[in-house]
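Asks: I am attaching a structure below and will ask some questions about it afterwards.
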Amino acid sequence: DQQVKQNSPSLSVQEGRISILNCDYTNSMFDYFLWYKKYPAEGPTFLISISSIKDKNEDGRFTVFLNKSAKHLSLHIVPSQPGDSAVYFCAARRANNDMRFGAGTRLTVKP
Amino acid sequence: NAGVTQTPKFQVLKTGQSMTLQCAQDMNHNSMYWYRQDPGMGLRLIYYSASEGTTDKGEVPNGYNVSRLNKREFSLRLESAAPSQTSVYFCASNSYRVNTEAFFGQGTRLTVV
């Protein structure tokens, strides 16, 4: 069963606008959440994370929001740049280090 | 900085053949993982090793075995390869019970014909 879900396979935004990527999870035992970015023929690279004790974490143009009651997190990219075009994966980890990923969202930022 | 190293990068197997995918990390991480990436399915956890000496099944363990050889190395074995195991395999590592990110290798593209 897919415990981490990214229901939007793709997203297209204009350069300079906001990109919002969404992720839902079902297992309440997850206590740490991460976003990864992936380019073709490369391994995923870490982008930003958030602990379950927080509801927001910001790093430059990237902000992750966590809504524990809704079991939902989102990644905001402002402003979006063409170099942000990639596949974004949401991940969730339990205390025993079991770490699950979503199906990914392909972001395209158009110049 | 090597990070996480996977070998081989590419492999073609015939149905029924066996092979072992190798993974090594030089970051002194306790935990290591094997994932497979398939179109539309994202990254699915095959097995993980939370710490040296332990291994646990993930979402899709059938058809695979793993060995945590030592703290640095975590191998994935396909005993009798099937076309359904055609995929890109990623190894990752991180610190146990520490809120830090996992680092990934470059992947192994496996085709079973």
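The values are calculated or read from the model by the stated rules, or taken from the named source; none is laboratory data. Here the structure is a predicted model, which is why all the values come from computation and not from measurement. Neighbour counts run over all protein chains shown; Cβ positions are idealised from the backbone, glycine included.
Asks: Looking only at region A:92-106, which residues are at negative phi, within 14 Å of the chain's Cα centre (by Cα) and either more than 8 Å from every other protein chain (Cβ to nearest Cβ) or not aliphatic (A, V, I, L, M) (or both)?
Replies: Correct list: A:92, A:93, A:100, A:101, A:102, A:105, A:106.
Asks: Okay, next question. Test residue A:65 against the criterion of being within 9 Å of another protein chain (Cβ to nearest Cβ) and assigned to a strand (DSSP E or B), and give yes or no.
Replies: No, not satisfied.
Asks: Another question, then. Taking the criterion of being in a strand (DSSP E or B), out of contact with any Gly (no Cβ under 9 Å at 6 or more places or on another chain) and within 14 Å of another protein chain (Cβ to nearest Cβ), would at least one residue in region A:75-83 satisfy it?
Replies: For region A:75-83, residues in a strand (DSSP E or B), out of contact with any Gly (no Cβ under 9 Å at 6 or more places or on another chain) and within 14 Å of another protein chain (Cβ to nearest Cβ): absent.
Asks: A further question follows. What are the residue pairs meeting all of these: first residue in region A:47-66, first residue more than 20 Å from residue B:102 (Cβ to Cβ), second residue of a type outside the set (Phe, Trp, Tyr) and part of a strand (DSSP E or B), Cβ atoms under 6 Å, and 6 or more apart or on different chains?
Replies: That search, which allows pairs on different chains as well, returns A:55/A:66; A:61/A:77; A:63/A:76; A:65/A:56; A:65/A:74.
Asks: Anything in region A:32-59 that is under 15 Å from the mean Cα position of the chain (by Cα), more than 19 Å from residue A:87 (Cα to Cα) and in a loop (DSSP other than H, G, I, E, B)? List them, or say none.
Replies: A:52, A:55
Asks: Determine if region B:70-81 includes at least one residue that is crowded, with 19+ Cβ neighbours inside 10 Å, more than 20 Å from residue A:35 (Cβ to Cβ) and in contact with an Asp or Glu (Cβ under 8 Å, 6 or more places away or on another chain).
Replies: Among the residues of region B:70-81, not one is crowded, with 19+ Cβ neighbours inside 10 Å, more than 20 Å from residue A:35 (Cβ to Cβ) and in contact with an Asp or Glu (Cβ under 8 Å, 6 or more places away or on another chain), which makes the answer no.
Asks: Go through B:28, B:65 for me and flag whichever is more than 9 Å from chain A (Cβ to nearest Cβ), under 15 Å from the mean Cα position of the chain (by Cα) and surrounded by fewer than 17 Cβ atoms within 10 Å (Cβ to Cβ).
Replies: Matching residue, one of B:28, B:65: B:65.
Asks: Read through the list (1) of a type outside the set (S, T, N, Q); (2) surrounded by fewer than 20 Cβ atoms within 10 Å (Cβ to Cβ); (3) more than 9 Å from every other protein chain (Cβ to nearest Cβ), then give the number of the only condition that residue B:103 fails.
Replies: Residue B:103 satisfies every listed condition except (3).
Asks: Which condition from (1) out of contact with any Ser or Thr (no Cβ under 6 Å at 6 or more places or on another chain); (2) away from chain B (no Cβ under 14 Å); (3) buried (at least 18 other Cβ atoms within 10 Å of the Cβ) is the one that residue A:19 breaks?
Replies: (1)
Asks: Among the residues of region B:55-81, how many are polar (S, T, N, Q) and in contact with a strand residue (DSSP E or B) (Cβ under 7 Å, 6 or more places away or on another chain)?
Replies: Here the count works out to 4.
Asks: OK, next. Condition check: over 12 Å from the mean Cα position of the chain (by Cα) and either over 25 Å from residue A:41 (Cα atoms) or at pLDDT below 95 (or both). Does residue B:84 satisfy that?
Replies: no
Asks: Next up: Consider region A:93-110. How many of its residues are more than 26 Å from residue A:12 (Cβ to Cβ), part of a strand (DSSP E or B) and of a type in the set (A, V, I, L, M)?
Replies: 1
Asks: Whether any residue in region A:84-91 is buried (at least 17 other Cβ atoms within 10 Å of the Cβ), closer than 14 Å to residue B:42 by Cα and of a type in the set (Phe, Trp, Tyr) is what I want to check.
Replies: Checked region A:84-91: at least one residue is buried (at least 17 other Cβ atoms within 10 Å of the Cβ), closer than 14 Å to residue B:42 by Cα and of a type in the set (Phe, Trp, Tyr).
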